Amino acid sequence: MDLAANLETIRLRIKAACDRSDREPNSVTLLAVTKTQPPEIVSAAAEHGLLVFGENKVQEAKAKIPLCPGKLRWHFIGHLQSNKCRDAVHLFQMIQSVDSLSLAQEINKRADEAAKTMPVLLEVNLAGEASKFGYPPKALLADLNRINALPRIEVHGLMTVPPWSPDAENSRPHFRRLRELKEECEQTLGAPLPHLSMGMSGDFEVAIEEGATMVRIGTALFGPRRMTKTP
């Protein structure tokens, strides 16, 4: 793995996607997904200027984050169970995968205990895939005001994972729909939502063209995930 070369390639691709959509490259945050990657790889990425990292599992993050540079910002991007909310609030600067009112209420409770305000993104399951978590769009709009009213929660935008496809263009309608849904949410709230977290290694350029402000990239940056050993 040549981390420096991979990162340079990704940055050039982000710039090209921004140029195509008349955007500034600094309007897109590259979130490095470090699932199964050890702390020394995280530190190497940080030395190349990356500051925002994403983890899918609270237990892995709990072991890893204390061994990484303290200046980094960590986002939780996996499915969050209610019994992990206390740790998630402690470990992360943002939770990107809020997919129910009950989860938002539990995060609010744990954030209140920690005297902390928790920025969140609301995860949307646009395709209705049974294998994935996330709000159906209508349910999201129904719960939005109640989530936004929670005193320790700050809703910063939306997140999605579209159905997998070898053709990135197949993701475009889902990314476009998430952008439109964000606009609907902004009308409901009467306030702007700054973030759309969408796009991964296989489709992040299309996501940027459709308005992504965060792209979550693991494989294109670090190579295939490391296999974890089972006891």
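The values are calculated or read from the model by the stated rules, or taken from the named source; none is laboratory data. Here the structure is a predicted model, which means the values were calculated and not measured. Cβ: placed from backbone, ideal geometry, glycine included. Neighbour counts: every protein chain shown. Surface accessibility is based on the protein's heavy atoms, side chains included, excluding ligands, DNA and RNA. Shrake-Rupley method; radii C 1.70, N 1.55, O 1.52, S 1.80 Å.
In the range 112-126 there is no residue matching the filter, namely being open to solvent by less than 60 Å² (accessible area, probe 1.4 Å) and part of a helix (DSSP H, G or I).
I need the full set of residues from the range 166-225 which are in a helix (DSSP H, G or I) and either over 19 Å from GLU123 (Cα atoms) or β-branched (Val, Ile, Thr) (or both), in order please. Give the steps one after another, and end with the answer.
First, the residues of the range 166-225 that are in a helix (DSSP H, G or I): 168-189, 204-209, 219-222.
Across the range 166-225, the qualifying residues are ALA168, GLU169, ASN170, THR188, GLU205, VAL206, ILE208, GLU209, THR219, ALA220, LEU221, PHE222.
Going by the conditions given, is LEU12 over 19 Å from ARG225 (Cβ atoms) and not hydroxyl-bearing (Ser, Thr, Tyr)? Judged against the criteria, LEU12 is a match.
For ALA104, are the conditions met, namely being farther than 19 Å from ALA32 by Cβ, open to solvent by less than 40 Å² (accessible area, probe 1.4 Å) and out of contact with any His (no Cβ under 7 Å at 6 or more places or on another chain)? Step through it out loud before you land on a result.
Values: farther than 19 Å from ALA32 by Cβ: yes; open to solvent by less than 40 Å² (accessible area, probe 1.4 Å): yes; out of contact with any His (no Cβ under 7 Å at 6 or more places or on another chain): yes.
Yes: the conditions hold for ALA104.
If I go through the range 58-75 residue by residue, how many of them are more than 23 Å from ARG11 (Cβ to Cβ) and crowded, with 18+ Cβ neighbours inside 10 Å? Residues that pass the stated criteria total 4.
If you go through the range 135-153 and keep only what is open to solvent by 20 Å² or more (accessible area, probe 1.4 Å) and closer than 20 Å to GLU180 by Cα, you end up with PRO136, PRO137, LYS138, ALA139, LEU141, ALA142, ASP143, ASN145, ASN148.
If I go through the range 76-90 residue by residue, how many of them are surrounded by fewer than 18 Cβ atoms within 10 Å (Cβ to Cβ) and part of a helix (DSSP H, G or I)? Quick ask: steps written out before the conclusion?
Within the range 76-90, the subset surrounded by fewer than 18 Cβ atoms within 10 Å (Cβ to Cβ) is 79, 81-83, 86-87, 90.
Now drop any that are not part of a helix (DSSP H, G or I), which leaves 82-83, 86-87, 90.
Qualifying residue count for the region: 5.
Here ALA130 fits the description: over 21 Å from PHE53 (Cα atoms), among the small types (Gly, Ala, Ser) and open to solvent by 80 Å² or more (accessible area, probe 1.4 Å). For GLY54, the requirement of being open to solvent by 10 Å² or more (accessible area, probe 1.4 Å) and either over 26 Å from LEU12 (Cα atoms) or outside any helix (DSSP H, G or I) (or both) is not met. Looking across ILE95, ILE65, ILE77, one residue alone is touching a residue at least 60 places away in the same chain (Cβ under 8 Å), aliphatic (A, V, I, L, M) and touching a strand residue (DSSP E or B) at 6+ places or on another chain (Cβ under 7 Å). It is ILE77.
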